[in-house]
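No lab work stands behind these numbers, since they all come straight from the coordinates. Owing to the predicted nature of the structure, the values given are computational and were not obtained by experimental measurement. In this analysis, Cβ positions are derived from the backbone assuming ideal geometry, glycine residues included, and neighbour counts consider all displayed protein chains.
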Amino acid sequence: MAVTGIILFGFVVGHMLGNLQIYLGQEQLDHYAELLQANKPFLWAFRSVLLFCVSVHIWAAVVIWLRNRSARPVKYKMFQPPGLDYAARTMVWSGPIVALFIVYHILDFTVGTANPDFIKGEVYHNVVASFSNPVIALVYMAACLLLAFHLYHGLWSLFQTFGWDHPRFGWIRRALAIFFSVLIGAGTISIPLAVLTGFVR
């Protein structure tokens, strides 16, 4: 779970940085997309690694969830352990919802079947066309916010998984988790918000 999480986190950061080039204009974003599409073998190898990591990540999540259930088949009457915040309590839901969002995201911007104004190769146009619809823009922003919560708990947890934790320095891993989750949440939400408000058109 933690190892695939690190790989997927790296992809999310890179993907966000690539998408933020929309603020540099249509030519820059479309050129970036052309560079990615120019090397098909590398692109499909990269996609294969991502698909493998997503599959293992989901499998690990299901295994952990089933083990937790079997460890205590009878629920607590009152369950309020210290440190169990909102992000931790919603992990079981945020994961599947983010997975469904990724499928829609691919259909919207890669395949194009979910975008009625899709033009192959014109990424800037496709982004503006999709996010000009307030419903789609709000769905994307909600999904990105949920992704930020998911990343926060995931980043916070992986330090403990690898044993990189100590009572004296626990605040550091929480600070890092907050920093990166807020950064990614703000960065990804800014794009549909910019189109919706007319800042990007």
Nitroxide proxy distance, nm - points 7 Å out along Cα→Cβ at Leu43 and Ala2: 3.6 nm
Gained length - Arg201 relative to Leu50, 0.36 nm times residue gap less alpha-carbon distance: 51.2 nm
Choice from Val182, Val74, Val54 with maximal GNM fluctuation in the chain (Cα, 10 Å cutoff): Val74
Aspartates and glutamates whose Cα lies under 12 Å from that of Lys75, excluding same-chain neighbours fewer than 8 positions away: none
Thr161/Val62 FRET efficiency (R0 25 Å; Cβ-Cβ; nearest 0.05): 0.90
Cleavage-rule hits, trypsin sites (Lys or Arg not before Pro), segment 122-182, DSSP coil, Cβ neighbours within 10 Å at most 14: Arg168
Lysines whose Cα lies under 20 Å from that of Lys120, excluding same-chain neighbours fewer than 8 positions away: Lys40
Inter-probe distance in nm under a simple model that places probes 7 Å from Cα toward Cβ, at Val12 and Ile97: 1.4 nm
Helix-only [θ]222 nm of the chain, DSSP H runs n ≥ 4, -39500 (n - 2.57) each, per residue, nearest 500: -25000 deg cm²/dmol
Choice from Ser181, Ser48, Ser130 showing the highest fluctuation, given a GNM over the chain with Cα pairs closer than 10 Å: Ser48
Label-to-label distance, nm, for residues given as Ala186 and Gln28 (7 Å Cα→Cβ offset): 1.9 nm
Highest-fluctuation residue, Pro116, Pro167, Pro134 considered, GNM on the chain with Cα pairs under 10 Å: Pro167
